[in-house]
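Contents: one structure, followed by commentary.
The values are calculated or read from the model by the stated rules, or taken from the named source; none is laboratory data. Everything numeric in this text was worked out from a predicted model, so none of it was measured. Cβ placement follows ideal geometry from the backbone for every residue including glycine, while neighbour counts extend to all protein chains displayed. Accessible surface areas use protein heavy atoms only, side chains included; no ligands, DNA or RNA. Shrake-Rupley method; radii C 1.70, N 1.55, O 1.52, S 1.80 Å.
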Amino acid sequence: MITNLLRGAAAFCLALTPLALPSPTAVATTAAVGVPVLAVLPLEDAVGRLPVAEEDRTGYTRDSFRHWNTGLDAGDGCNTRNEVLLAEAVQEPSVAAGCKLTGGKWLSYYDNVEVLEAGKLDIDHMVPLAEAWDSGANTWTSTRREAYANDQGAAASLVAVTARTNRSKADQDPATWMPPLPDAHCRYIGEWTATKLRWDLAVDQTEAEALKVYAEACETTVVHYNPAP
């Protein structure tokens, strides 16, 4: 329940349009002490906030990012992967002992494919682990990398998609890979940008140029992000 509420609220924010913006500048919502505020930006402005730096994959291994851990609710018996599947289901699956999921229905927005078996879905890290490493996570502690790899604090960070699209994407950025469904491109660029801003990750020059091109074409897309704790 906690997972669904958190991800549902974040998804609502991502669905807002530029008409909700009082100005083209960032808007900070009122938040409790210690809670990161929500930034709301037109995509072009959000892309402009990304720092540009050379990428470095030296020392990277996937094991540098512990995933999938016990998730938001350590007592529900579900790991992060299954919590995401439960949160993103358009038809809720049955949950058996050990968080075994049966039934249910999901919509993979990368390719607009309806999936009826949880096992046929991958949970995609919006910004792949290797790309995150290249872009600044190589300086993080192992605890912060684990938090990144299991981030359910933003709807954009982890997304249930068909295995074939996730594996086609691999560790590529938008300069070399985009979802096969053209109608998904603006959402994808918005969520990619939001994730990099949330985790204070850089972009390389080629990636920055690609994001700017997409931002020009996606002029009605709005980016919402909370800086990661």
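Checked against the criteria, ARG49 counts as of a type in the set (D, E, K, R), surrounded by fewer than 18 Cβ atoms within 10 Å (Cβ to Cβ), within 19 Å of the chain's Cα centre (by Cα) and within 25 Å of ARG144 (Cβ to Cβ).
Is at least one residue of the range 79-94 modelled with pLDDT under 95 and either open to solvent by 50 Å² or more (accessible area, probe 1.4 Å) or part of a helix (DSSP H, G or I) (or both)? Checked against the condition, which is being modelled with pLDDT under 95 and either open to solvent by 50 Å² or more (accessible area, probe 1.4 Å) or part of a helix (DSSP H, G or I) (or both), the range 79-94 yields no hits at all. Regarding the range 197-216, can at least one residue be identified that is aliphatic (A, V, I, L, M) and under 16 Å from TYR110 (Cβ atoms)? There is no residue in the range 197-216 that is aliphatic (A, V, I, L, M) and under 16 Å from TYR110 (Cβ atoms).
Condition first: closer than 20 Å to ASN138 by Cα, in contact with a strand residue (DSSP E or B) (Cβ under 9 Å, 6 or more places away or on another chain) and either among the aromatic types (Phe, Trp, Tyr) or free of Cβ contacts under 8 Å to residues at least 40 places away in the same chain (or both). Can you find one or more residues in the range 213-228 that meet it? No, every residue in the range 213-228 fails to be closer than 20 Å to ASN138 by Cα, in contact with a strand residue (DSSP E or B) (Cβ under 9 Å, 6 or more places away or on another chain) and either among the aromatic types (Phe, Trp, Tyr) or free of Cβ contacts under 8 Å to residues at least 40 places away in the same chain (or both). Residues in the range 121-163 that are of a type in the set (Lys, Arg) and either touching a residue at least 24 places away in the same chain (Cβ under 8 Å) or touching a strand residue (DSSP E or B) at 6+ places or on another chain (Cβ under 8 Å) (or both): ARG145 only.
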